[in-house]
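Trainee: The structure's right below; bear with me while I get my questions together.
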Amino acid sequence: MIGVLFLTRKNVKDEKQWPGEVFTQETQTEWRTAMDRKEVMELFNKRPRIGSLSTANRKGEVNVAVFGSPQMIDENTVIMGIGQNRSFSNLQENPKAVFIVVEPGETIMDWKGARVYLEAMDIETGGGFYEQIKENIAKSSGKGAADMIHAAVRFKITEVRPIVDTGR
Ligand SMILES: Cc1cc2nc3c(=O)[nH]c(=O)nc-3n(C[C@H](O)[C@H](O)[C@H](O)COP(=O)(O)O)c2cc1C
């Protein structure tokens, strides 16, 4: 059923959009979706929220884990605090990652979410940025959580996609 809906969407201009989506016309008949980054930021920074980070190591072996600290500080940047875990090791070997944030809705059209494609630009285990991240986590989640943070990561956002998309 979802597949049928998508095939139809390619050619229909005024069909109901998924929340946060903007249709853009690339050719006469090809429609792709782009997301309003301000709306994504609102969703991304809501608390509590369900979010997980997918990473891969240098061999392409993938991983996923739940993370609460990622914050979208502007339309192009995400920062987070991270412990000495597999995700951290992966980011050191391969800076590319995807964070998915999902807000369940009553019907499928009411679900909100975004897939935010990332590339780690800075990974710091000391210094002002690291201390700031730890302080923020201590305030929001307590000292125990902050003590587990080994590094602060700054990512640039390379792409944002809705949770349901026809684009490749
Ligand atoms: C709600 C929630 C939020 C979490 N937030 C973080 C976080 O911001 N940073 C972090 O390093 N771990 C966080 N964790 C813990 C990681 O999910 C956990 O350590 C996980 O095992 C890491 O997986 P990995 O070893 O595959 O990377 C959080 C866990 C939960 C349940």
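Trainee: Please report, in whole Å³, the volume per residue of the convex hull around the C-alpha atoms of region 115-168.
Mentor: Hull volume over Cα atoms, normalised by residue count, gives 99 Å³.
Trainee: Another question, then. For region 85-145, report the % of Cα-Cα distances exceeding 18 Å.
Mentor: 60
Trainee: Would you pull out the residues with amide H under 5 Å of TRP111's amide H, same chain only if 5 or more places away, H placed 1.01 Å from N?
Mentor: Excluding prolines and chain starts, which carry no amide H, the hits are GLY105.
Trainee: Right, next: Given the Cα-Cα distance of ASP36 and ILE50 and 0.36 nm per residue of separation, how much length would full extension add, in nm?
Mentor: 3.1 nm
Trainee: Provide the gained length on full extension for the span ASN76 to SER89, in nm with one decimal, where the gain is 0.36 nm per separating residue minus the Cα-Cα distance.
Mentor: Extra length available between ASN76 and SER89 comes to 2.3 nm.
Trainee: Cα-based Rg of region 25-168 per 2.2 N^0.38 Å, rounded to two decimals?
Mentor: 1.10
Values in this text are rule-based calculations from the coordinates and carry no lab data. Just so we're clear, the structure is a prediction, and the values are computed from it rather than from any experiment.
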